[in-house]
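Peer 1: To start, I am sharing the structure in question, which I have written as structure tokens.
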Amino acid sequence: MGKGRFPLHTQIFIGLLVGAVAGIIATATVGTDNDQLKFFADNIARPVGQVFLRLIFMVVVPLLFAALVLGVAEIGDARRVGRIGLRSLAMTIVLSSLAVAVGLLLFNSFEPGRGISAERRADLMASIGQQEDAAKKIEATKEAKSVADSLLEVVSQNPVQDATRALEGGLLPLMFFALMFGLAMTAVPKEQSAPFRAFLEALFAITLKIIDFAMRVAPVAVAALMFFAITKLGIEAIVELGKYVFIVLAGLAFHQFVIYAAVLRLVARRNPWKFFSQIREIMMTAFATSSSNATLPTALRVAQEDAKLPKDISSFVLTVGATANQNGTALFEGITVLFLAQVFGVQLSFEQQLGVMGLAIVAGIGTAGVPGGAWPMIAIILMKFNVPPEAIGLVLGVDRVLDMSRTVLNVTGDVTIAACVTEMERRSAAKAAARA
Ligand code: ASP
């Protein structure tokens with residue numbers, strides 16, 4: 001696969017094409033019921049894909065813990081910055097919730113993943129029987145519990161045990177523990193918490209490196225997973241995938257040009273089109289790098305020089321926002337989980353869909369601002385809702401363009417919040433002056 005000759009994302013896309021074309025040719029020539037094809041799909045393609053997925057899963061617990069504790073600690077520090085911190089936090093929550101609501105609405109209007117027939121699904125689930133058994137077990141335990149007990153279980157009593165069960169329902173208590181830990185970390189003196197913070201920063205960087213290793217085998221893994229999915233799901237899978245890409249892009253565009261534009265007009269009192277034009281360099285950098293973190297230096301400069309935002313507010317909001325405010329990612333994670341659940345025939349009730357959306361907002365805080373940062377979070381939300389993790393293979397191949405687009409939203413969201421907070425501060429100052 002021409003190693004090193006093409007950028008990784010192009011290789012992954014080529015992997016997608018190779019897997020899809022091979023899958024289509026194989027199913028078209030021998031049919032989905034062919035025993036040899038089944039054998040190849042189950043015993044070669046699936047394990048190859050699995051190795052890649054396991055590389056991602058193995059870091060989920062340390063990555064999630066480090067990212068959430070550091071994220072909360074940053075927001076906790078923000079509280080000390082006072083009103084600016086609180087205002088940005090409130091805007092983050094409102095904008096992320098709107099983003100996931102847009103995702104939920106669009107998903108339910110178009111229902112990508114619906115077009116796959118029941119027998120195809122049954123076929124696929126039979127090949128991944130192991131997960132199905134696990135899913136049944138989880139379902140059975142869920143039914144037996146009262147609402148009070150389920151809520152109580154979110155409060156971890158043994159985080160180590162939660163960590164070992166993270167892929168089978170221990171996720172929420174583990175997140176709860178991480179949130180408490182992060183809060184407590186901001187409450188002890190800085191000199192005491194500093195070594196642990198440094199440790200977590202190192203842990204975070206190392207786990208991201210493992211994801212990086214995993215991404216190097218992604219081109220082959222995506223080909224294998226795509227082949228597997230097509231031989232099980234048929235060509236319908238590709239049509240549904242097209243719908244999914246369209247819906248994600250439509251959702252992102254709506255959030256950018258309707259929600260952000262309205263918020264800029266109403267709260268920041270700025271002409272949104274002029275504002276977007278002032279920050280176009282930020283948007284282009286985000287699109288090109290697919291990384292909020294890599295865009296931060298450009299964002300800081302352009303926000304001050306071109307959008308004329310005050311230095312103190314913009315440097316604070318943009319720095320915290322680069323990791324903690326990811327509207328585009330929250331929208332994307334929500335739609336992706338719902339789509340894959342639909343493809344794999346896992347019926348989610350409206351309440352469960354709201355649960356996915358809630359997790360997507362929290363996952364937004366925990367998502368690293370790097371290319372593909374969303375994937376470990378998606379993997380873990382999928383397992384929480386009993387969707388087989390193989391599902392990821394179906395969408396990974398088209399992720400690059402979605403990643404570039406959602407990163408634009410993530411960063412535009414930070415600058416939008418900075419503009420809103422600037423205007424709120426200006427009005428508060430004017431009111432205080434009028435009173436004096
Ligand atoms: N690439 C995104 C960012 O840096 C994270 C993600 O959604 O994967 O903002």
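The values are calculated or read from the model by the stated rules, or taken from the named source; none is laboratory data. Owing to the predicted nature of the structure, the values given are computational and were not obtained by experimental measurement. Note: ideal-geometry Cβ built from the backbone for every residue, glycine included; neighbour counts use all protein chains shown. We work out accessible area using only protein heavy atoms, side chains counted, and drop any ligands, DNA or RNA first. Shrake-Rupley method; radii C 1.70, N 1.55, O 1.52, S 1.80 Å.
Peer 1: Looking only at region 360-388, count how many residues are open to solvent by less than 10 Å² (accessible area, probe 1.4 Å), more than 10 Å from the ligand (Cβ to nearest atom) and farther than 29 Å from Ile235 by Cα.
Peer 2: Matching residues across region 360-388 total 2.
Peer 1: I'm told Thr412 meets every condition in (1) over 25 Å from Leu208 (Cα atoms); (2) at pLDDT 85 or above except one. Can you identify the failing condition by its number?
Peer 2: Condition (1) is where Thr412 drops out.
Peer 1: Identify all residues within region 289-338 that are more than 16 Å from Phe275 (Cα to Cα) and of a type in the set (Asp, Glu); write none if there are none.
Peer 2: Once the filter is applied, which keeps residues that are more than 16 Å from Phe275 (Cα to Cα) and of a type in the set (Asp, Glu), region 289-338 yields Asp312, Glu333.
Peer 1: Restricting attention to region 389-407, does a residue exist that is in a loop (DSSP other than H, G, I, E, B) and either hydroxyl-bearing (Ser, Thr, Tyr) or within 13 Å of the ligand (Cβ to nearest atom) (or both)? First the steps, then the outcome.
Peer 2: Taking region 389-407 as the starting set, the residues that turn out to be in a loop (DSSP other than H, G, I, E, B) are 397-398.
So of that shortlist, the ones also either hydroxyl-bearing (Ser, Thr, Tyr) or within 13 Å of the ligand (Cβ to nearest atom) (or both) come out as none.
The answer is no, given that none of the residues of region 389-407 is in a loop (DSSP other than H, G, I, E, B) and either hydroxyl-bearing (Ser, Thr, Tyr) or within 13 Å of the ligand (Cβ to nearest atom) (or both).
Peer 1: Evaluate region 378-395: report whether one residue or more is in contact with a His (Cβ under 9 Å, 6 or more places away or on another chain) and touching a residue at least 12 places away in the same chain (Cβ under 8 Å).
Peer 2: No: region 378-395 contains no residue that is in contact with a His (Cβ under 9 Å, 6 or more places away or on another chain) and touching a residue at least 12 places away in the same chain (Cβ under 8 Å).
Peer 1: Could you say which residue among Phe65, Phe57 is at pLDDT 80 or above, within 18 Å of the chain's Cα centre (by Cα), open to solvent by 10 Å² or more (accessible area, probe 1.4 Å) and within 18 Å of Met175 (Cβ to Cβ)?
Peer 2: Phe65
Peer 1: Moving to a separate point now. For residues that are open to solvent by less than 70 Å² (accessible area, probe 1.4 Å) and of a type in the set (Phe, Trp, Tyr), scanning just region 177-198, find the one that is nearest to Ala73 (Cα to Cα).
Peer 2: Once the filter is applied, the top-ranked residue is Phe181.
Peer 1: Could we say that Leu354 is surrounded by fewer than 24 Cβ atoms within 10 Å (Cβ to Cβ) and away from the ligand (no atom under 16 Å from the Cβ) here?
Peer 2: Here the answer is yes, as Leu354 does meet what is asked.
Peer 1: Has region 316-332 got at least one residue that is more than 13 Å from the ligand (Cβ to nearest atom) and surrounded by fewer than 21 Cβ atoms within 10 Å (Cβ to Cβ)?
Peer 2: From region 316-332, those more than 13 Å from the ligand (Cβ to nearest atom) are 316-317, 319-320; that's our starting set.
From what's left, surrounded by fewer than 21 Cβ atoms within 10 Å (Cβ to Cβ): 316, 319.
Looking for residues that are more than 13 Å from the ligand (Cβ to nearest atom) and surrounded by fewer than 21 Cβ atoms within 10 Å (Cβ to Cβ), one finds at least one in region 316-332, hence yes.
Peer 1: Given the criteria under 22 Å from Gly234 (Cβ atoms) and surrounded by fewer than 17 Cβ atoms within 10 Å (Cβ to Cβ), does Gly19 qualify?
Peer 2: When the stated conditions are applied, Gly19 does not pass them.
Peer 1: Of the residues that make up region 346-358, is at least one touching a helix residue (DSSP H, G or I) at 6+ places or on another chain (Cβ under 6 Å), touching a residue at least 24 places away in the same chain (Cβ under 8 Å), in a helix (DSSP H, G or I) and under 21 Å from Thr164 (Cα atoms)?
Peer 2: No, region 346-358 contains no residue that is touching a helix residue (DSSP H, G or I) at 6+ places or on another chain (Cβ under 6 Å), touching a residue at least 24 places away in the same chain (Cβ under 8 Å), in a helix (DSSP H, G or I) and under 21 Å from Thr164 (Cα atoms).
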